[in-house]
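Take this structure first; my questions come after.
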Amino acid sequence: MNLASLILTLAIISGQLIRVPLFSQGALTMLDIIVILTGSLGLLKLKFKLKRPPLFVISAFIFILFATISLLLTPLFLTPMQKLNAFSYTLRFSSYIFLGWVIYSGAFPKVAEKIHLILVSSGAGLAALGLLQLLFLPNLNFMAQFGWDPHYFRTVSTFFDPNFAGAFFVLTIILILYFQPFKNPKIFYLIFAVTFLALLTTFSRSSYLMFLTSGLSLSFLKKSKILALKIILLFLILILGFQIYTQMVSKPRNIDRGQSASFRINTWQQGLQIFEKNPVLGVGFNAYRYALIQYNLGDEQFLQSRGSSSNDSSLLYVASTTGIIGLLSYLYFLLILVKGNETYRIIMFALVLGLLVHSVFANSLFYPAIFIFLILLCASPRK
C-alpha cells in the first residue's frame with residue numbers, strides 16, 4: 001500500500017477521534033481534511049486538466065445545485081452565519097464528489113488500483129478497534145457529556161455510534177464476499193471473522209437488516225444459492241446474538257431499546273411536518289435544526305443534541321430540506337451510483353439497496369465514511 005492509500009485508510013479509521021470545531025456545533029474530521037487536501041493536490045498534479053466528469057459526478061452536481069437553491073430560497077429566517085453553517089455540509093458533500101472525480105481522472109493511479117484494499121483495510125481496522133473498545137471500554141456513559149449517546153456493551157469503534165459502525169462493517173463484508181481479495185484463505189477468514197464479530201456486537205438491528213438485504217441481493221444477482229444460504233445462516237446468528245444481548249445485558253440493566261424506536265418515530269413525524277410545510281424546495285439543505293427551532297418541533301434538550309441536526313431517515317431528511325425537487329435529484333444520483341460503473345454494477349446495487357434500508361433508521365447515506373466508501377468504488381478504474 002502506497003503512502004496516499006495508507007493516509008486515506010487511516011483517515012477513515014480515525015472516525016470521530018479527531019475533530020476540528022467548525023461553527024457552533026459542526027466539526028471537521030480527519031477524513032474531511034484529508035479529502036480536501038487530497039482533492040486539491042490531485043488537481044495540481046493534473047494541472048487542472050480533469051477528465052470529462054463521469055455520470056456520478058454530473059448527477060451529484062445536479063443535486064448540489066438544487067441543495068444550494070433550496071438554502072438560498074429558504075422560508076426560514078436565518079442569519080448569515082446560520083446560512084454559512086448550513087452550507088458547510090454542501091461544501092463537504094462537494095469535496096467528496098470532487099475527490100472521486102480527481103481519482104477517476106488519474107491523479108492517483110496507485111490509489112485507484114488499491115481501492116479494494118483501502119476499503120477492506122478500513123473496515124477491518126475499524127472492526128479491530130471496535131472489539132478492543134468493547135473489551136476495555138464497554139461502558140460509554142461518560143460520552144453523554146460530549147453530546148454522544150451513552151451506549152453500553154456495544155461496538156461503536158471510532159464512529160462512537162453502533163448503527164453507523166454496523167453499516168460500515170456490512171459494506172466491508174459484502175465487498176469481501178464479492179471480490180474475495182485475499183489469495184491466502186487464512187487471511188480471508190480472519191478478516192471476515194473479525195469484521196462479522198464486530199457487526200454482531202454492534203447489536204444494531206438496522207445493520208443486521210442491511211446485511212440481510214445486501215447479502216441476499218448479491219446472492220440473487222450472482223445466482224448463487226450457496227451464498228444465499230450462508231447469508232441466511234449468518235443473519236440467524238446475528239439475531240441469536242441480539243437475543244442473548246437482550247436477555248443478558250439490556251434487560252438486567254433496564255436498557256430500554258423500545259425507547260430508541262419511539263424516538264425514531266418522533267423524528268420521522270418531525271421530518272414529515274417540515275416537508276408538509278415546504279414540499280417543493282424544503283427549508284434549505286442542512287437547515288434542518290433551524291427548522292425544528294422555528295417550527296417549535298422539539299424541546300430544548302433535543303435541539304441541543306447531535307441528533308437534531310438531521311432526520312433519522314436519509315430520504316426524509318432530503319425531502320424536508322430540499323423538497324420534492326431535491327429528493328428526485330438525489331434519487332437520480334443514487335441510481336447513477338448503481339448504473340454508472342459497469343464493472344461494479346452488481347456490488348453497487350447490493351450496497352446501495354442495503355443502505356437504503358439502513359437509512360430508514362439512521363441518516364447513513366450522508367455519513368462521511370460511508371459516503372466515501374461508495375464514491376471510491378465509483379471512481380475505481382473500469383475493467
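Where a number appears in this text, it was derived from the coordinates with a stated rule and is not lab data. Small disclaimer: the values here were computed from a predicted structure and weren't measured. For neighbour counting, all protein chains shown are included, and Cβ atoms are generated from backbone atoms with ideal geometry for every residue, glycine included.
Could you calculate the contour length gain from ILE239 to LEU84, that is, 0.36 nm times the residue separation minus the distance between their Cα atoms, to one decimal place in nm?
Taking 0.36 nm per residue and subtracting the Cα distance, the gain is 51.4 nm.
Another question, if that's okay. About the Cα centre of the chain, what is the dipole size in debye to 20, counting +1 per Lys and Arg Cβ and -1 per Asp and Glu Cβ, all else neutral?
For the chain, the charge dipole is close to 1260 debye.
Give the shape of segment 186-234 as rounded, prolate or oblate, defined through the alpha-carbon gyration tensor: a ≥ b ≥ c are the square roots of its eigenvalues, a/c under 1.5 means rounded, and otherwise the shape is prolate if a/b is larger than b/c and oblate if not.
It comes out oblate by the Cα gyration axes.
Label-point separation (nm) for LEU28 and LEU132, each offset 7 Å from Cα along Cα-to-Cβ?
A separation of 2.7 nm, rounded to one decimal place.
Can you list the lysines whose alpha carbon is less than 21 Å from that of LYS186, not counting same-chain residues fewer than 8 positions off?
Correct list for LYS186: LYS114, LYS230.
Another one. 5 Å is the cut-off here: which amide hydrogens, built 1.01 Å from N in the peptide plane, fall below it relative to THR29, excluding neighbours closer than 5 in sequence?
VAL20
Would you mind calculating the relative contact order of segment 3-379 from Cα pairs under 8 angstrom and at least 6 residues apart, reporting the percent as a whole number?
Across segment 3-379, relative contact order equals 22 percent.
With a cut-off of 20 Å, note down the residues of segment 317-355 whose backbone N falls inside the zone around a label point 7 Å from the Cα of LYS223 toward its beta carbon.
342-350
Further question on the same structure: Between ASP149, ASP312, ASP32, where does the largest GNM mean-square fluctuation fall for the chain, given springs only between Cα atoms within less than 10 Å?
Checking each option, the largest mean-square fluctuation is seen for ASP149.
While we're here: Given axes a ≥ b ≥ c from the Cα gyration tensor, I'd like to know whether segment 102-199 is rounded (a/c under 1.5), prolate (a/b larger than b/c) or oblate.
Here segment 102-199 falls in the oblate category.
Ranked highest first by average number of other Cβ atoms within 10 Å, how do 319-328, 222-231 line up?
319-328, 222-231
Within the chain, which whole H helices from DSSP have a Cα span along their axis of at least 18 Å and a mean Kyte-Doolittle hydropathy of 1.6 or more, if any?
30-45, 55-72, 115-136, 162-179, 185-200, 225-245, 314-339, 345-358
Based on the alpha-carbon gyration tensor of segment 228-283 and its eigenvalue square roots a ≥ b ≥ c, which shape applies: rounded if a/c is under 1.5, prolate if not and a/b is larger than b/c, or oblate?
oblate
Rounded to whole Å and sorted largest first, what semi-axes of the equivalent ellipsoid does the C-alpha gyration tensor of the chain yield via the square root of 5 times each eigenvalue?
In descending order the semi-axes read 30, 28, 20 Å.
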